[in-house]
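Let me begin by presenting the structure, written as structure tokens, before commenting on it.
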Amino acid sequence: MTQHLEGDWLELATASGSTIRVLKAAHPRARRLRLTVTPKGARVSYPHGTHPAQVSAFLRHHADWLERKLDELHLIVKPLPPLRVGTPTEFPLRGETVQLDWTEGPYPRVDAGEGTLTLVIPRPHTRALPVARGLLASYFESQIRRDVSRWLAGYVPQLGLAPTALRVRPMKSLWGSLDTRDRINLDLALALAPPNALKYVLAHELCHLKVRSHAPRFWQQVEGLFPEWREQRDWLRLNGAWLKTELDRLIADVAD
């Protein structure tokens, strides 16, 4: 089992190819390391000042138990079938399962139908896979931008502030961010999530225009803009690793 620290998460890659994500957090009243597993995922808490190597060793020691408990709750991200040209597959889009089909045509494009997405790939097929990945990435981005532009029309007047730009790209661990120039970054994987999950991340980043920290008044801003934020935050915590794994298998190697 290999591991690497990233942000507030510890990722464990098992020998079977599964991925375990553990939320790590220092707790002011913690007297020892503690590992918990709930339907929301795994969490390791530890006293302030604990060395990262101690946290890693603690998780390694409990790796078998952790994997078994997460597997019981179906929270381990299983290896997904690779994207293959001409082979139909299913994946989540806007929170619904869709069928991905393939056909030939004079120029590359995506045809969206009821519960289906068809990749039209011209001959020759020598570069069909990278073309397909590029088509999917562009389509996912267009879905996010369409939703965001509609929601911004309502949110900006409420806030009295607007982002200077929007960038949509794959993000390794985050769902969104706001940079020092007031540009919002959103994770491309949010195209696979239910629209309300994307809406929560957008509202979250917009509220950082007012409050740059996660102080109580920040969450008051979020509450005012998007009252259902807790439910959507919890949904992303529960399903986030799976979404990011799905995106990776669909558009892997597509340049940012």
> Does the range 140-157 contain at least one residue that is part of a loop (DSSP other than H, G, I, E, B), open to solvent by 60 Å² or more (accessible area, probe 1.4 Å) and in contact (Cβ under 8 Å) with a residue 12 or more places away in the chain?
Replying inline: no
> Any residue in the range 193-204 that is part of a helix (DSSP H, G or I) and among the polar types (S, T, N, Q)?
Replying inline: yes
>> Can you pull out every residue in the range 205-225 that is open to solvent by 50 Å² or more (accessible area, probe 1.4 Å) and either in a helix (DSSP H, G or I) or under 24 Å from Arg169 (Cβ atoms) (or both)?
In response: Arg212, His214, Pro216, Arg217, Trp219, Gln220, Gln221, Glu223, Gly224
>> For the condition more than 29 Å from Leu236 (Cβ to Cβ) and touching a helix residue (DSSP H, G or I) at 6+ places or on another chain (Cβ under 8 Å), what is the one hit in Arg133, Arg123, Arg109?
In response: Arg109
> Tally time: how many residues in the range 226-256 are hydrophobic (A, V, I, L, M, F, W, C), assigned to a helix (DSSP H, G or I), out of contact with any Ser or Thr (no Cβ under 7 Å at 6 or more places or on another chain) and open to solvent by 20 Å² or more (accessible area, probe 1.4 Å)?
Replying inline: 3
> Which of the following residues is more than 30 Å from Val85 (Cα to Cα), of a type in the set (A, V, I, L, M, F, W, C) and over 19 Å from the mean Cα position of the chain (by Cα): Val156, Val131, Val201?
Replying inline: Val156
> Checking Asp71 against (1) open to solvent by less than 90 Å² (accessible area, probe 1.4 Å); (2) part of a loop (DSSP other than H, G, I, E, B); (3) at pLDDT below 80, which test does it fail?
Replying inline: (2)
> In the range 1-66, which strands (runs of 3 or more DSSP E) lie fully inside it and hold 1 or more residues that are of a type in the set (Lys, Arg) and modelled with pLDDT of 85 or more?
Replying inline: 19-27, 34-38, 41-47
>> If I filter the range 167-192 down to residues being more than 20 Å from Ser213 (Cα to Cα) and assigned to a loop (DSSP other than H, G, I, E, B), which single residue comes out as most open to solvent (accessible area, probe 1.4 Å)?
In response: Lys172
>> Tell me yes or no: at least one residue of the range 127-139 is in contact (Cβ under 8 Å) with a residue 60 or more places away in the chain, surrounded by 20 or more Cβ atoms within 10 Å (Cβ to Cβ) and within 22 Å of Arg21 (Cβ to Cβ).
In response: no
>> Based on this model, can you work out whether Val110 counts as within 30 Å of Gly224 (Cβ to Cβ), assigned to a strand (DSSP E or B) and either touching a residue at least 24 places away in the same chain (Cβ under 8 Å) or of a type in the set (Asp, Glu) (or both)?
In response: no
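The values are calculated or read from the model by the stated rules, or taken from the named source; none is laboratory data. A quick note: this is a predicted structure, and the numbers were derived from the prediction, not measured. Cβ atoms come from the backbone with ideal geometry, glycine included; neighbour counts cover every protein chain shown. In case anyone asks, the SASA skips ligands and DNA or RNA and just uses the protein heavy atoms, side chains included. Shrake-Rupley method; radii C 1.70, N 1.55, O 1.52, S 1.80 Å.
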